[in-house]
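Just below is one structure, and these are the notes that go with it.
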Amino acid sequence: MAGGHRLPEQPTILIAGHHFFTDTVPLAPGTAVREIPALAALALEQESPFAEEQLARGYYAAPAAGGLVVFAALRRKFAALQENWAKAGFVLPDFATWLPRGTPQAGIVVLETTEAVTALEYAAGSALPRRIVSRPVPVDPAGEEGVAFAREQVLAKIEAGGRAVRRYRLADTACTVKGTRYYFHWEAQGFVPEKAAEAGPLVPAQLWAMDVREPESLRTKRRDFQWNRLAWGSLVGLAAAVVCLVVAEFGLLGTQLWLRSRQTRIDLQTPAARQAETNSDIVDRLSGYIDRKPQPLEQLAYVNDLRPRSIYFTKVSVESGSQMVIEGSTSALAEVNEFEAALKRSGGFASVELKNTRAREGGGTFQLALVFRAGVLPAPVAGAPAPTSPQVGPPAAGVASPQVVPGAMQGRIPGMPPQMGPNGPYDPRDPRSGRDPRLARDPRMGGDSRLPRPGDPGRPYPPGPPPSPVPTSVPAESQPAPAQP
């Protein structure tokens with residue numbers, strides 16, 4: 001049905017109100033809910049001339065309104081209806097379905113059905129009726145005339161006395177269910193404002209209290225009803241769980257398909273990723289090699305900047321990245337001490353040790369053990385002595401001549417003495433200079449095994465320091481004195 005309403009699983013039987021006598025009983029404030037059934041039974045026992053087992057009875061409690069309405073009828077009057085009652089969900093007086101809609105204002109509410117007309121008299125300030133009067137609809141006249149006749153009787157009994165009278169008639173579909181609430185539909189008659197069914201729903205606990213069947217059968221029915229509600233709720237819960245599982249299964253299948261497509265894309269991109277990883281590893285290694293300080297060539301260049309021109313390096317060895325051992329020769333042995341002092345003043349060395357100094361005719365040889373400081377290689381200290389001009393005169397015994405041809409040794413390693421070859425001056429320890437006559441052609445290489453020459457096209461070589469100036473022949477006594485530290 002519309003609005004979420006549906007018909008009850010079992011029909012609800014409404015009994016005409018003229019079969020019952022009623023009474024409104026006040027409740028003391030703070031009365032416990034479990035005490036209300038006993039208070040209703042006590043009120044009926046005081047008002048009814050019949051024994052309890054002879055009565056079909058019930059009650060409607062409204063603790064918020066401060067009272068309850070009890071009603072009862074002789075059970076033998078409904079002997080022919082017991083079979084239908086056993087198949088019903090609830091058996092209630094017709095006027096009892098209106099009681100939750102009572103408002104605390106003075107007036108009279110008339111409830112009309114095809115069997116009886118019931119008037120409920122309300123006093124100001126009370127949501128429970130003060131008095132309930134009901135009369136049956138006569139067989140003759142029947143229809144609307146009979147309903148009008150019964151209405152006149154109940155109004156004459158109550159004596160409206162100018163009070164507002166509101167008429168309502170039971171709808172064709174008397175009862176609907178929405179969730180666990182039962183709604184009874186009364187349609188307004190005349191110019192009376194409509195009273196929505198949602199204004200006064202009844203819950204099963206209230207309906208069981210108003211049910212007029214025998215207590216034993218009510219207990220059985222109530223237990224079956226509760227089990228049915230539990231089973232129905234469990235079934236609905238299981239159905240919802242199954243739907244959720246099915247939806248989750250479809251979601252998992254969709255996720256699995258998506259993961260497979262992703263895995264396929266990953267597999268297709270794996271070779272490129274591995275190549276990129278290899279390239280990145282190579283770049284990282286090269287970057288680490290380039291960025292690692294100090295570098296051997298940088299160390300050698302730093303030492304060479306402080307080297308006097310009269311000193312030549314004959315052998316350089318690097319140990320553990322920060323230690324360097326230099327073997328050299330000089331034509332002026334006194335400048336070796338100045339070289340050592342300049343190295344110490346530069347601040348780039350943790351240790352400078354001069355050893356194995358040997359004097360020879362026209363000069364000597366020495367050995368320097370250097371330990372560079374950790375970190376970035378510093379620049380030479382300002383004010384360090386500039387390299388001195390090479391000694392002019394005949395070369396000392398055991399020392400190569402320092403004279404070179406301008407422009408012929410652009411790639412010469414700093415500190416190495418030049419030699420003359422068939423192609424011009426060359427450095428025996430510099431593969432970038434002219435071809436050494438001692439090198440022969442290697443037949444396994446399938447070509448010219450000569451090392452690159454400075455002027456060969458297509459054979460670039462890293463730039464070196466500028467060539468040493470060509471010394472001029474001056475008298476020995478006119479040679480400039482070495483710079484003082």
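The values are calculated or read from the model by the stated rules, or taken from the named source; none is laboratory data. These figures come from a predicted structure and were not determined experimentally. FYI the Cβ positions are ideal-geometry reconstructions off the backbone, even for glycines, and counts take in every protein chain you see. Remember, those area values only see protein heavy atoms, side chains included, never the ligands or the DNA or RNA. Shrake-Rupley method; radii C 1.70, N 1.55, O 1.52, S 1.80 Å.
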Starting at 0 and stepping by 10 Å, how many percent of the alpha carbon pairs of the stretch 1-146 end up in each bin?
10, 34, 37, 17, 2
So how exposed is GLU9, as accessible area in Å² (1.4 Å probe, rounded to 10)?
120 Å²
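Average projected area of the Cα convex hull of the stretch 91-184, in nm²?
6.7 nm²
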Ranked from the most accessible area to the least, with a 1.4 Å probe and all protein chains present, what is the order of ILE266, ILE311, ILE132?
ILE266, ILE132, ILE311
From Cα coordinates alone, what are the radius of gyration and Dmax values for the stretch 184-332 in angstrom?
46.5, 137
Anchor LYS315: aspartates and glutamates whose Cα lies under 15 Å away (excluding residues fewer than 8 positions away in-chain):
GLU327, ASP427, ASP430
Of all C-alpha pairs within the stretch 6-86, those more than 14 angstrom apart amount in percent to 66 percent
Measure of exposure for GLU194: accessible area at 1.4 Å probe, Å² rounded to 10, is 120 Å²
Step through the residues of the stretch 134-145 one at a time and calculate ³J(HN,Hα) from phi using the Karplus curve (6.51 cos²θ - 1.76 cosθ + 1.60, θ = phi - 60°), rounding each to whole Hz and writing x for Gly and Pro.
9, 9, x, 7, x, 6, 9, x, 9, x, 5, 5
If amide hydrogens are placed 1.01 Å from N in the peptide plane, which non-local residues have theirs closer than 5 Å to the one on VAL117?
ARG135, VAL137
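Might you report the magnitude of the Cβ-based charge dipole of the stretch 77-163 about its Cα centre, with Lys and Arg at +1 and Asp and Glu at -1, to the nearest 20 debye?
Approximately 420 debye in magnitude.
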How many percent of the accessible area of the stretch 234-360 is carbon or sulfur, using a 1.4 Å probe?
60 percent
